[in-house]
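Since the structure comes first, as structure tokens, the remarks are kept for the end.
Any read-out appearing in this document is the output of simple, stated calculations on the displayed coordinates, not a laboratory observation. All values reported here derive from a predicted model rather than from experimental measurement. For neighbour counting, all protein chains shown are included, and Cβ atoms are generated from backbone atoms with ideal geometry for every residue, glycine included.
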Amino acid sequence: MSESAVHHAASVEATERLGESLAGALAPGDVLALLGDLGAGKTRFVSGLARALTPGSRVRSPSFTLVNEYAGDLPLFHLDLYRLATGDVDSLGLEEYAERGALAVEWGDRLPAAWREDALVLSFEVLDDDRRRITASTSGARRGPALLAAWRAIPEAP
Ligand SMILES: Nc1ncnc2c1ncn2[C@@H]1O[C@H](COP(=O)(O)OP(=O)(O)OP(=O)(O)O)[C@@H](O)[C@H]1O
Ligand SMILES: [Mg+2]
């Protein structure tokens, strides 16, 4: 595994901006596995991604719908596996999404191993009410390293 890279976000807006900054590096088939406790900021981060990829979009948690699509030039598929039993991931049809766009997957540790392999894993930690620590890592060899490099290249917020 290549070295992890940390960003801090001192506000919701800062978390969204990190998503916005990473969005430009995404390509079809890319997988972002978002980990962290309830309320850690995973959905806020996806709002930033969607804001960059489909201006004007409004992000809602896909907890009940399982998959939300943001249909920009690069489609973004936002999944939340919290309520899904592990075996049921197979029935989501991830291949079709991955052919068309990028995947941002909350509770992405519940993805089958093959889908986690080359993902950029983003771990969200709550430091206090407003501050979050977001650590990126990958064990992949194909797209993971490029995504990690893009994450690392995001300037630290002032
Ligand atoms: N720096 C921050 N970044 C993101 N969210 C923050 C931050 N500071 C405070 N918050 C608050 O934390 C909450 C994050 O909620 P969010 O829905 O993004 O969490 P989540 O990780 O998606 O949780 P879940 O697992 O339930 O889907 C929001 O209420 C938001 O206002
Ligand atoms: Mg969420």
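Here are the numbers for the structure shown:
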quantity: Value of relative contact order over the chain, rounded to a whole percent, pairs C-alpha under 8 Å and six or more apart; calculated: 34
quantity: Counting DSSP beta bridges with both ends in the chain, the antiparallel % (nearest 5); calculated: 55
quantity: Longest DSSP-loop-exposure-free segment, GluC sites (Glu not before Pro), the chain, at most 11 other Cβ within 10 Å; calculated: 4-155
quantity: Alpha carbon convex hull of the chain, volume per residue in cubic angstrom; calculated: 103
quantity: Approximate spin-label separation A98-R83, in nm, with each point projected 7 Å along Cα-to-Cβ; calculated: 2.5
